[in-house]
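Since every read-out is calculated from the coordinates, none of them should be taken as a lab result. Quick caveat, the model's predicted, so the values are computed rather than measured. As a convention, Cβ positions derive from the backbone with ideal geometry for all residues, glycine included, and neighbour counts pool all protein chains shown.
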Amino acid sequence: MIPVCEPKLSGKELEYVTDCIKTNWISSKGKYITEFEEKFSKYCGAKYGIATCNGTTALHLALASLGIKSGDEVIIPTFTMIATANSVTYTGAKPVLVDSEPKTWNIDPSKIEEKITKRTKAIMVMHTYGHSCDMGPITEVAKEHDLWVIEDAAEAHGAEYKGKRVGALGDAGCFSFYANKIITTGEGGMVVTNDEKIAEMLRLLRDQAFEPKRFLHRYIGFNYRMTNLQAAIGVAQMGVIDESVETRRRNARFYNSLLKDVEGITLPPEAPWAKNVYWMYTVLVENSFGMERDKLMVYLKEKGIDTRSAFYPIHIQPVYAEQYKGEKYPVAGKLGRKGVNLPSGNTLTKDQIRFIVETIASAKG
Ligand SMILES: Cc1ncc(COP(=O)(O)O)c(C=O)c1O
């Protein structure tokens, strides 16, 4: 079976993890944490990096550190992974949904303002499958209404908006280092920011809100710390991050060159101002393809090719649907129905891509 994604640990991971074990530094204290935070935040063009145990906790930590709480509203795209919405829900705030724009599949900047109310405190965008949101108009509207901008960049390590890497384009940027991500620590996350005060709060709340007067707490904090073992893998992965991004982009170019002639398959977007890192190489299976997306997925599985459906939008999730009854998000709905993630990992070979495309073409009959 060709997997959708698998980690590639071909650098110094074993050497650095062995070092942690030999030196007994296995908890969230240890040299690899700060080294990973410094290296990754610098890579994003941010001054500060606060590593966490996964991407979901990075999102929740960012929201909590910006003071988002019960009664507030946070604007998010409906076409996203569940963690974007859940992290808002954890704070007691309400996720307010916006449709996607067809040209990037990301939150539609022209539909944000109509969703702003007196309760709105933040816009949390998500760079879908590695393609940056159109951040210019988003930061403009946020400035006008005095809102925080949080980037859910879990899928977009190294992605660029007008030549700048995502993560440091708003007030806080959140990443995931789960095993299928562009770089991984097994499980892991990080919030990056250029704001010293936000960074201080992130550090404080990550660590149970421990302050110099130990065991006296002024805030409700969390244990969202990353371990030195995870960070050791992260430091090793920083040594191959450029190669990892380039592999994703090279594979996408090859997929595009072969799939462009298959009728009924819409290729993933790349706006002229964007550098898509294709975390997931995702295509839309249109009606003109002649086989429904779900049937195509079964067909591919029978031939030894694993795939995933695109995200089911938040407004149709069983756990959230009641809250958004009657609301319409046609673009996100279409992406959710027709999108499929093809194998996208860094271990994928040209021959495998050729086989995947030939198999898709053969499904047309
Ligand atoms: C957009 C988005 N946000 C958040 C997350 C959560 O990250 P994690 O699985 O590390 O908690 C993911 C994970 O894939 C994601 O795709």
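Tabulated data for the structure shown
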quantity	calculated
Set of aspartates and glutamates with alpha-carbon distance to residue 22 below 15 Å, sequence-local pairs under 8 removed	13
Residue (of 321, 288, 233) at the positive-pole extreme of segment 232-365, dipole from beta-carbon charges	288
Rounded to the nearest 20 debye, dipole of the chain from Cβ charges on Lys, Arg, Asp, Glu	360
Euclidean distance between Cα centres, segment 1-69 to segment 279-342, Å	30
Contact order normalised by residue count of the chain, Cα under 8 Å, 6+ apart, percent	24
Lysines with Cα under 22 Å of residue 213, excluding same-chain neighbours fewer than 8 positions away	29, 197
Burial order of peptide ranges 60-73, 183-196 (average beta-carbon count within 10 Å, highest first)	183-196, 60-73
Neighbourhood charge, 10 Å Cβ-Cβ cut-off, centred on residue 7 and excluding it, Lys, Arg +1 and Asp, Glu -1	0
Charge dipole magnitude, Cβ of K and R +1, D and E -1 - segment 249-337, Cα centre, debye nearest 20	280
Listed residue (278, 70, 312) projecting farthest to the positive dipole end of the chain, Cβ model	70
Mean-position separation - Cα centroids, segment 218-237 and segment 86-108, in angstrom	26
Computed over segment 241-361: relative contact order in percent, which uses C-alpha pairs under 8 Å that are six or more apart	33
Extreme residue, positive dipole direction of the chain, given options 80, 347, 216 (C-beta unit charges)	216
Charge tally in the Cβ shell below 14 Å around residue 311, where Lys, Arg are +1 and Asp, Glu are -1, residue 311 excluded	+2
Relative contact order of segment 256-301, defined on C-alpha pairs under 8 angstrom at six or more residues apart (%)	35
Subset of 39/103; 325/364; 295/350; 69/275 violating a 30 Å alpha-carbon distance limit	39/103; 325/364; 69/275
Neighbour net charge for residue 80 - beta-carbon separation under 11 angstrom, K R +1, D E -1	-2
Förster radius 45 Å - calculated FRET efficiency between residue 38 and residue 70 (Cβ-Cβ, nearest 0.05)	0.80
